[in-house]
Structures are given as C-alpha cells and as structure tokens.
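The values are calculated or read from the model by the stated rules, or taken from the named source; none is laboratory data. What you are looking at is a predicted structure, and each value in this text was computed from that prediction instead of being measured. No Cβ is skipped: glycine too gets one built from the backbone with ideal geometry, and neighbour counts run over all protein chains shown. Protein only, heavy atoms only, side chains kept; ligands, DNA and RNA dropped before computing areas. Shrake-Rupley method; radii C 1.70, N 1.55, O 1.52, S 1.80 Å.
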Amino acid sequence: MNYSEQKSLTTRQPRQLLVTGGAGFIGSNFVHHWCEQYPGDRVVVLDALTYAGNRQNLAGLEEKANLRFVQGDICDRVLVDRLLQEENIDTVAHFAAESHVDRSILGPDAFIRTNVVGSFTLLESFRQKWQNQGQPRDYRFLHVSTDEVYGSLSADDPAFCETTPYAPNSPYSASKAGSDHLARAYYHTYGVPTIITNCSNNYGPYHFPEKLIPLMCINILLGKSLPVYGDGQNIRDWLYVGDHCRALDVVIHKGQPGETYNIGGNNEVKNLDLVHQICELMNELAPDLPVAPAQQLITFVKDRPGHDRRYAIDATKIKTELDWEPTETLAGGLRKTIEWYLSNRDWWQPLLSQEYQAYYQKVYA
Ligand code: NAD
Ligand code: DAU
C-alpha cells in the first residue's frame, strides 16, 4: 500500500510547517504540492527573496488563509525563534540556500553564511522549541540536500548511496556538506528528529534561468548561443521536481529521524545529449525560433573550474523502505518543462535583469 492509500485510511493530524526558501524553485513547487495535498495544514514560508527568490512563484496561494509569507533571513535567530513560537511549528522543511555552483566559485561567502550558519541557526532554534515542548515524537526537521556532497564519479563507479563518503568539490557542495553534518549531529547528540535527503538535479517549472535547462530553453527563444562547458560529456541524473516533492512528502510522513534518503530520477544523461534533446523539443514546440534548427546555437565554452564529471543516485533505500520512486521520464518531463517556459514568458522575462546580465557576463565572457 503506498502512502496516499494509507493516508486515506488513517486519521492524519494537521501539521504546522515552516518552509524555508519556499519562494525558490524547489521550495515553491513543494509549497504548491503541500497546499494541494493537505489544505488543512498551516504553511509558513520564510524566504529572504534573494535574486533566486520570487513571490510570483507562490501566486494564487498567498491569498489562502493557511499560507503566510514572511520575508526574512534564516540567519536571523530572533525572527526564527519568534516564528516557531508564534505559529507553533512542528515541521521544518528547509530548502533555503545559495544553490548555484558557478556563483559559489565567483563568491563563496554567501554560501557559507546561508548554507552553514543559516542551517545552524534553524537547527538551534528548532532544538530549543522541541526540547521546551517535551520532545514531541511527531516533530520533524527535513534538511533538503544534494548529491553533490558525495563528489564526482567516473563512468564505471557505482551510484552514490547513503553510505558513500562525503567528498564535496565546490564551495557550494562543501557548504551543503557542512549543513548535512550539523543536521546529523543534532540527531546524534540531542535526539532532534532531523532527516536528511540528498537528491540529484531537479528540473521543472519556476527553475531560475541561470541553471542548465532553463538557460538553454531561454537562450533558444532569444536566439542566443548555448554555452556547453568543456567537452559536454559530464553526466547528471535529472529528477522532475514534482517527483522530488512527492518524495519529500513521503519522507516527512514515513521517514525515520536520524536517517538519510537519497532521491534520484533514474535519468543519467550527458550534458551535450541533454542540450540536443532540448533543441529537438524546441524545434518542434516553439514556432518562429529566431535561429532554427536550434542546434546551430550550441557553443563549447571554457569548463567550470573543478567541474564534477558524473553524479548518479542509488535510490534503493527510499524505494524499499518508503515505497517511493520517480514516475516521470526525462522525455516527458522535458516536454512539460519546455511547454511551461513557452507559456510563462511573463515569469522569466523580468528575471533577465541588469543584475542577471552582469552575472552572465562574468561567467560566460
Ligand atoms: P533556489 O536557489 O531556487 O532557491 C533558494 C531560495 O532560498 C530562494 O527563494 C532564496 O530567496 C532563499 N534564500 C536564500 N538565502 C536565504 C536566506 N539567508 N534566508 C532565507 N531565504 C534564503 O534553490 P533550489 O534549486 O530551489 O534548491 C532548494 C534546496 O534544494 C537547496 O537547499 C539546494 O541545495 C537543494 N537542492 C537543489 C537541487 C536542484 O537541482 N535545484 C538539487 C539537490 C538539492
Ligand atoms: O546535483 C544537484 C545539484 O544540481 C544541486 O545541488 C544544485 O543546487 C543545482 O544547481 C544543480 O547543480 P549543477 O551544477 O549540476 O547544475 P547546473 O544546472 O548549473 O549544471 C548542470 C550541468 O550543466 C553541469 O555539468 C554544468 C553544465 N552547464 C551548466 C550551465 C549553467 C553547462 O554546460 N553550461 C551552462 O551554461
């Protein structure tokens, strides 16, 4: 019996969630998922609205009584304490982070601050609340992390599993590794019911234009070159964001405190092959492209420093223990994603701001 079947047979206690980074890409998809599945739950979004945060991602939900949006910083201990008390939070879903590897190479400071110090601030505040309430059994702190903490695989290596040693290679992944270790330590030292998830590359609606898939879609629509780093043979495993949100839902409800779950899409693909697939779909779905066929725009550019060669996830544990597996194929998920970018120009056009152009120049000039 899967979780949704069990859910309909049992009485579920409403939860009071704090979703950090809920105006970002995965966080906002998660908020949409949660509000749809559990309309009786209280959802408080805490987001600093950095360049990557966008209130538009929550449009339509904010008017609902059970969602509260708070613009604020996860490093602000006073604010976090107040929200946990005021809203009687029992569940934290922690997405807030600086998330882009290229930006971490240009300037690591913000990554250490938000990803390490911010995660620590949340854990400390949550520990205090949980202890003051008499350590309730149903409290959860979900720490959303990445497969990048495990480092880089060569072509024949087995996929990352939950016991793979950490070997982060970028300032981004090192900062995420630091926060994972803190979440783990809070369970082992204090018994705080933390759970860590490490997942592969997400894609889907509300993905900020700087990341590979939206960047390629948008550049094709603008007739701009498609920058492929190095030889384009690096491999990533792609997970449709809706599948990820379902996995996190299952982990919150059925996951064991103190455990780690790897979440993957079973979709390993070389970057260059992925870019070709995007071009094919764009040629088919977008009429009047400025440059067609879009493949002509592919350009090899200087490689990312320290570029990890391959990521792959062994998701056996979450499948066998929690009965979750991804349902979206890469072809199906890409088609849906491209259709979304085609119908939501109003969402992405304003994001190509002067600030974004300055960033783009720095990385690609
Ligand atoms: P994102 O960059 O799209 O969103 C991050 C959000 O966090 C933004 O809304 C931003 O405003 C907010 N934020 C940043 N600093 C903050 C601070 N100090 N206080 C409060 N809010 C702050 O990121 P994403 O791609 O949605 O990733 C979400 C989480 O999932 C991250 O922890 C990331 O490491 C992890 N993750 C992402 C992927 C992926 O493919 N995108 C894969 C694995 C894990
Ligand atoms: O694996 C999970 C991680 O996936 C998350 O933890 C990160 O938050 C998320 O940003 C993502 O990291 P990547 O570095 O893998 O994603 P990105 O979209 O930046 O790049 C994907 C691949 O494409 C990577 O091998 C680099 C390459 N690339 C990327 C860009 C932006 C290019 O070749 N050209 C580009 O312009």
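Annotations
- Residue list for region 84-98, restricted to those being touching a residue at least 24 places away in the same chain (Cβ under 8 Å) and surrounded by fewer than 20 Cβ atoms within 10 Å (Cβ to Cβ): Gln85, Glu87, Asn88
- Whenever a residue of region 205-230 is of a type outside the set (A, V, I, L, M), its partners that are in a strand (DSSP E or B) and surrounded by 20 or more Cβ atoms within 10 Å (Cβ to Cβ), lying with C-beta atoms within less than 7 angstrom and at least six residues away or across chains, give the pairs Asn219/Leu226.
- Whichever residue in region 99-141 is of a type in the set (Lys, Arg) and not in a helix (DSSP H, G or I) and, among such residues, is least open to solvent (accessible area, probe 1.4 Å): Arg140
- Residues (of a type in the set (Phe, Trp, Tyr) and within 11 Å of ligand 2 (Cβ to nearest atom)) located in region 140-199: Tyr150, Phe160, Tyr172
- Residue list for region 59-117, filter: among the hydroxyl-bearing types (Ser, Thr, Tyr) and touching a Pro at 6+ places or on another chain (Cβ under 7 Å): Ser104
- Ala155 being surrounded by fewer than 19 Cβ atoms within 10 Å (Cβ to Cβ) and either modelled with pLDDT under 95 or farther than 20 Å from Pro108 by Cα (or both): yes
- The conditions of being touching a residue at least 24 places away in the same chain (Cβ under 8 Å), closer than 26 Å to Thr197 by Cβ and buried (at least 22 other Cβ atoms within 10 Å of the Cβ) are met by Leu274.
- With respect to being open to solvent by 20 Å² or more (accessible area, probe 1.4 Å), β-branched (Val, Ile, Thr) and modelled with pLDDT of 95 or more, Thr146 falls outside the description.
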